[in-house]
Amino acid sequence: MAAVTAPGHGSDGVVDHGAGPDAFSAAGLPVGEFGVDGDRGPERAWGEWNPTEESVRPVRGKHRVAKQRNGLARSSAVLGVGVIAAVGAGGMATAQSKPPVSISLPDSIADNLPDASSLPGVGSLLPGSSEDDKAGTTDPLTTAGITTAEAEQGATDAGEALRARILQQAEQQQSAADAEAREAQEKAAAEKAAAEAKKQQDEAEAKAAAEKKKAEEEAKKKAEALRLAKLAASYAIPTSSYTLTSTFGQAGTMWASGHHTGLDFAAPTGTPLKAIHGGTVKSAGWSGSYGYRTVLELEDGTELWYCHQSSIGVSVGQKVSTGETIGRVGATGNVTGPHLHLEVHASDGTGVDPMTWLRSKGLNP
């Protein structure tokens, strides 16, 4: 155990405060138990240990005091730690107005204690401390919670660092919200563009379909016109300079059946009658109320009846071609005036409307 001598006391031995040989020091150890080197040699100096009255109660008994080392002594009294802490805490106790006091610490405790100069508020009280050391030990302890990155950026205040982190987090959240809003807007714009493109595509397809349908209809009409033109080239109107007077199915008492069975072309007597289409003469001669009649049979079995003729120009079995003259307009039979009574009969003998049949062949009388 190390011991130091308090200044102002002699070195003439042990000071007795009235305690017996079993007296203890303030640290709880027997006074004078061991020397500096573990012996009890007579060469050790003893003196009275007298801390300040304001901070430490008087200690009765003997106390060994060793020589002071750099303003801080070692002794067997651990009370010195409390004194150091008190002084470092800002003056809970002070000994500035008192003579220097030697403090004793056990070797095991003193060796494990940190350097007093490194304690906040204490190093400045020790000899040899400088203003720079004081400034270094009084730095504010506000860097708790500061990250390494913030420290590298020069941040030293925890509050400012927290505020910066909060602002950064808010900016990140705002950026995320803005990004989400932009994404939603872009998605809506893409959907709108897709819908518009689909609408345009549908309209284009509908327009193309309409144009195609129109073109098909036009092509169909053109083909039909071409067909009729070809038919017209092979079919002909039976007479010229005529007037249509009675049509097929027209009702009246003039006809024995109660209705008209053909189509009448009124024309002057002697007007030439032409073969509507190429065929064979099936009959030619007088036929009662029909007067002079010629029946022309076509290749498909259709029969064309030319009635009320004034004269017949062909004979049975004769083959005629389209436009060839086969007779002349007259007023023979049951008539009221010169005209061609034309009837059309299908291959089964059924009467057909001559107007419809002629139009189906490309003719429009």
Please give the contour-minus-distance gain from residue 208 to residue 300: 0.36 nm per residue of separation, less the Cα-Cα distance, rounded to one decimal in nm. 28.9 nm
Taking only protein heavy atoms into account and a 1.4 Å probe, give the accessible area per residue of the stretch 291-365 in Å². 44
Taking placed amide H atoms and a strict 5 Å upper bound, the residues 5 or more places from residue 318 or on another chain that come that close are 281
Report the local net charge at residue 215: Lys and Arg +1, Asp and Glu -1, summed over other residues whose C-beta lies under 14 Å from its C-beta. +3
Mind checking the full-extension length gain between residue 289 and residue 170? Use 0.36 nm per residue of separation minus the Cα-Cα distance, one decimal, nm. 31.6 nm
Here are some pairs, 274/319; 221/274; 282/319; 222/319; 220/274; 274/361; which of them have Cα atoms lying more than 21 Å apart in this structure? 221/274; 222/319; 220/274
Which residues does the label zone of residue 243 cover in the stretch 336-354, counting backbone N under 18 Å from a point 7 Å along Cα→Cβ? 336-342
What number, in nm² with one decimal, is the all-direction average of the projected area of the convex hull of the alpha-carbon atoms of the stretch 192-291? 12.4
Put +1 on the Cβ of every Lys and Arg and -1 on every Asp and Glu Cβ in the stretch 246-321; which of 298, 280, 260 then has its Cα farthest towards the positive end of the dipole? 280
What nm distance separates the two modelled labels at residue 162 and residue 231, each placed 7 Å from Cα along Cα→Cβ? 10.2
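The values are calculated or read from the model by the stated rules, or taken from the named source; none is laboratory data. The structure displayed is predicted, hence computed values, not measured ones. Note that we place each Cβ from the backbone using ideal geometry, even for glycine, and neighbour counts take in every protein chain shown. Heavy atoms of the whole protein, side chains included, go into the accessibility calculation; ligands, DNA and RNA do not. Shrake-Rupley method; radii C 1.70, N 1.55, O 1.52, S 1.80 Å.
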